[in-house]
Each structure stands twice: as structure tokens, then as C-alpha cells.
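Comments concern the structure below.
What follows is calculated from the coordinates using simple rules that are stated; it is not laboratory data. What you are looking at is a predicted structure, and each value in this text was computed from that prediction instead of being measured. All Cβ positions, even for glycine, are placed from backbone atoms using ideal geometry, and neighbour counts span all protein chains on display.
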Amino acid sequence: MLRSVSGIRGVVGVDLTPDVVLRHAAAFGTILKGGRVVIASDTRPTGPMLKEAAIAGLLSVGCDVVDIGVAPTPTVPLAVSHFRATGGLAVTASHNPIEWNALKFLGSATRMLPAAFLERVYRAADAGRFAYKRWAAIGTSGASDRMLEVHVDKVLKLRAVDAGAIKRRRPRVVFDAGGGAGLEYGPLLLERLGCRLHRLHCTPGPRFPRGPEPVPGNLRALGAAVRKHRADIGFAVDPDADRLAIVDENGRPLGEERTLVLASYWVLSRSPGPVVINLSTSRAVLDVARGFGQKGYTSKVGEVNVAAMIQSKKAAIGGEGNGGVILPSLHYGRDALLGMALVLSLWASTSASIAELSAGLPYYHAVKKTAPRPADLSRRLKRFGARFVKEGRLDRRDGIKVDLDDGSIHVRPSNTEPIMRVSSEATTRKRAKGLMSEALDVLGL
């Protein structure tokens, strides 16, 4: 089982069991000192079982639970605020394969849970320090189906969303939910924006109909649907709908890095301010910020880390290069519904196609690789740093990031899987591939 700023995550029946979930939920409720807690899950077949285990843990320590059903992870912090709760739980392994599941610990729309808080939860779970209540003081549990409308309404009311312009242009859109938690949320938003909608993979099932991660290799069906319906744009989300990928009018995936580039350009054109990205996100976002005369900042990888820096720097927008867009005026989490509304607002503001809009913004060629996490990772990272220390600027906050004049390389252990991630980018594809090849050689991968 993995534990990080992203919560706990593992393979169900192997290292993630109902008992593990119950203990961590009870620890969460104990640290919260009771109160109301919101819970949701994605569409994985193991979701109901693990959600019931989490609810049992919360009730046992005196928390009152509001179950909002199958819902995107970004809906949970909005629900925490809506129901005036003290915290939230999302039972979802996000982009991981279907045999995985996880428990994400969440705060409200205006308050992310810091890493130190999660460490307290983990210590309490390990030590069995639970504030169990006697029979008359246990919590209560109830369900609510309000959040579908609440989430969509909040996105539509944002100043950064030009709903009127989108409705006037009536874009033809294909939406690929990947069989995940966005299968009702995404279509409702797009219909409320006046889009001519074509749905893809919007029915839940025992298996995901495509790879859960919205990367180009998993979006062939979406590209074909965009071409078939002569759509203006295609959108794809991951199972918990916090990441957004875009397919242009030609059926070509733009790559998940472009989502935040397009969204940032639109937001900064209307509300200038700093931007925050993580160390693995394309520097194209920072170039966009500089184009508007704004500062750009980088954080460690992880939604919590990005959100904390967005708050401290009073950023206008931020996010991660995996397709995660964060707008602080909505909440401090990645939100695919938000991303769709922002990108459509940009598209509706001009006569250019989505391919033309993307081509007109800063761009770097990127290469991304994963490898099993070696036992001697620290030794390999040390060797990697020694190789590049004279060539570029080294940042050791999260693995090692090497910034060069014409590109970068980032090597880090994953927060969500037992792997290490290596990413490179440069002004040409040949240079990006060369940097990746050299990095893998030095790391012995």
C-alpha cells in the first residue's frame, strides 16, 4: 500500500482491504474530532464495498456522514463547503488500473488538508488511536443527490466562464467519460452550455472501456468519434474526473500538457495574476504567464503541494501537466468540468479552431517514461545529479529536476504507484528524446 499527500492507494484484496480503509477512515474522523464528513466514490466495482468500510469507520468515531454517491473527486470539496462539513473522503484510485482503489482525504473548497494533517492520520491509523464512541454517540449516515446540480451551477457562475459566448456558438462536442465518475457530471455541464453533445463511454460497467489515464494512446475511439460527428472538440477525463485531455477537430489528441496551457491563457487574458505549476509540468505554462507580464512558480508534484502554493502566492490559476486545472475562485483541487468550461470559453472568444489555438501558444516537445522503482533509487539519483550539475540548474525538492536553456529533465518517485517517473521536454523532439535517452542511461534504466 502506498501512502502520500494523495492519500492511501493499493491493489484491492492484496494491500488495500476493507479493514485498512476502515482504520484510516476512523483515524481521519478521530483527527477531525467528529463532525460531518462527505464521502463519494468513482465507478469501480470495489467502490461500494470500500465506501461502506469507510462509512463504518467514520460512524464509529462519532462522524455524521453525507454520501453523495458516484461523483468526481473535485465535487467532494464543493460538497464539504455546501454541507458545512469538516472534511471529505473520495474512494477512488483516479488514473490507476481497475484492480486498484484508494482513499483520498479532502478539505473544503477553501481549505486543502496539509501534508502534516495526513501524517497525523497515518500515525493514528498505525497506532490504533481511535476515538470510538459508545452506542448513543455514534454518527448518523444519510445520502444526497444534490451535488450534480451544485457543481455544475458553480462552474457556470464563474467570472472566468463565458457561458453566453459558448451558447451562441453552440459547439459540437464529444465527451468521453471513460466509464468513470464524470459520466453524468460532464454531459450536464456541456448541455447547460448549449453544446451539441455526443457521449462516449458514459455508461458504467465492471471494467473501464478504455485505459483509465486520458493519454493519447487511450483516446483513439474519441478521435474517431470527433471525426465521425465533425465535432469542434473532444474531451476525455479519468475515472474520478479531475484530469482533462483534449482532442482537436481533426481527432488528434493535443496531449494532456496542453489543457493547462490553454486554460491559463484564457484566465490570464481576463484576470492577470501569478500561475503555479508542479515541477513536472511543461514550462509552456510559465511562458504564457510571462507573455502577460506575470510571475510563475513551481511546487513539488501533488495536488496538495500545488494548492498550497496557489494560496501562498495568490495565484490566478494553477495546476498540473496531467490535465489538472485549478482555479482558486472555485476550489483548490483539479477539476475537469472547470477545465472544459475554460477551454470552451477560449474557443468561443475567437473564430480559430482548437488546433489553431493550441498551435499559437508556447509549446515544448515532451517525452515521458516510467520504470519500476529501484531499491537503490537514492544512489541513482545522486549519480544523475552529479552528471547534470554542471550543465543546468538542479532542483532537489521532488526527486531531481534539471533545468537547461533549451529544455529540462525531471526524475522522481511516483506518489501513487510503485514506480519512478522520468520526463523530459525541449524545443525540438530530437532534443527531448536525446535528453530522455541520456537520463535513462545515467539512471541505469
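Go through the residues of region 380-400 one by one and say whether even a single one is in contact (Cβ under 8 Å) with a residue 60 or more places away in the chain, farther than 30 Å from R196 by Cα and touching a Ser or Thr at 6+ places or on another chain (Cβ under 6 Å). No: region 380-400 contains no residue that is in contact (Cβ under 8 Å) with a residue 60 or more places away in the chain, farther than 30 Å from R196 by Cα and touching a Ser or Thr at 6+ places or on another chain (Cβ under 6 Å). Apart from one condition, I166 fits all of (1) buried (at least 16 other Cβ atoms within 10 Å of the Cβ); (2) more than 30 Å from A352 (Cβ to Cβ); the exception is (2). Taking first residues from region 123-139 that are under 19 Å from G7 (Cβ atoms) and in contact (Cβ under 8 Å) with a residue 40 or more places away in the chain and partners that are aliphatic (A, V, I, L, M) and in a helix (DSSP H, G or I), the Cβ contacts under 6 Å between residues at least 6 apart in sequence or on separate chains come to A124/A27; A125/A27; F130/A26. Being farther than 15 Å from G302 by Cα and touching a Gly at 6+ places or on another chain (Cβ under 6 Å) holds for only one residue in L404, L381, and it is L404.
Among the residues making up region 24-59, a single one is within 15 Å of V121 (Cβ to Cβ) and of a type in the set (S, T, Y): T30.
I'd like the full set of residues that are closer than 24 Å to V152 by Cβ and of a type in the set (S, T, N, Q), limited to region 188-246. Residue satisfying the conditions is T203 alone.
One residue stands out among those in region 245-281 that are touching a strand residue (DSSP E or B) at 6+ places or on another chain (Cβ under 6 Å) and among the hydroxyl-bearing types (S, T, Y): the one that is farthest from L361 (Cα to Cα), which is S280. Only a single item in (1) in contact with a helix residue (DSSP H, G or I) (Cβ under 6 Å, 6 or more places away or on another chain); (2) more than 29 Å from T203 (Cβ to Cβ) is not met by A54, and it is number (2).
Please indicate, with yes or no, whether at least one residue in region 266-286 is within 27 Å of V304 (Cβ to Cβ) and free of Cβ contacts under 8 Å to residues at least 24 places away in the same chain. Among the residues of region 266-286, at least one is within 27 Å of V304 (Cβ to Cβ) and free of Cβ contacts under 8 Å to residues at least 24 places away in the same chain, which makes the answer yes.
Go over the candidates L357, L337 one by one and state the one that is in contact (Cβ under 8 Å) with a residue 24 or more places away in the chain, in a helix (DSSP H, G or I) and out of contact with any strand residue (DSSP E or B) (no Cβ under 9 Å at 6 or more places or on another chain).
Values: L337 fails: out of contact with any strand residue (DSSP E or B) (no Cβ under 9 Å at 6 or more places or on another chain).
The match here is L357.
Taking T73, is it of a type in the set (S, T, N, Q), under 14 Å from A181 (Cβ atoms) and buried (at least 24 other Cβ atoms within 10 Å of the Cβ)? Yes. Within region 287-309, being more than 17 Å from D242 (Cα to Cα), without any contact (Cβ under 8 Å) to a residue 60 or more places away in the chain and part of a helix (DSSP H, G or I) holds for A289, R290, M309. Of the strands (runs of 3 or more DSSP E) that lie entirely inside region 390-445, those containing 3 or more residues that are surrounded by fewer than 18 Cβ atoms within 10 Å (Cβ to Cβ) and touching a strand residue (DSSP E or B) at 6+ places or on another chain (Cβ under 7 Å) span 393-395. Selection of region 240-284 for residues being among the hydroxyl-bearing types (S, T, Y), surrounded by 22 or more Cβ atoms within 10 Å (Cβ to Cβ) and assigned to a loop (DSSP other than H, G, I, E, B) yields S280, T281, S282.
Out of all the residues in region 25-81, which are β-branched (V, I, T) and more than 22 Å from the chain's Cα centre (by Cα)? Break it down stepwise before answering.
Step one: of region 25-81, the residues β-branched (V, I, T) are 30-31, 37-39, 43, 46, 55, 61, 65-66, 68, 70, 73, 75-76, 80.
Passing the criteria: T30, I31, I55, V61, V65, V66.
The conditions of being part of a helix (DSSP H, G or I), more than 19 Å from the chain's Cα centre (by Cα) and within 28 Å of E417 (Cα to Cα) are not met by L190. Scanning region 360-373 for residues that are over 21 Å from S264 (Cβ atoms) and in contact with a helix residue (DSSP H, G or I) (Cβ under 6 Å, 6 or more places away or on another chain) turns up just one, V367.
If the condition is being assigned to a strand (DSSP E or B) and crowded, with 19+ Cβ neighbours inside 10 Å, then region 199-213 contributes only L200. Please work out if E119 is without any contact (Cβ under 8 Å) to a residue 12 or more places away in the chain, of a type outside the set (G, A, S) and closer than 30 Å to K228 by Cα. It is false that E119 is without any contact (Cβ under 8 Å) to a residue 12 or more places away in the chain, of a type outside the set (G, A, S) and closer than 30 Å to K228 by Cα.
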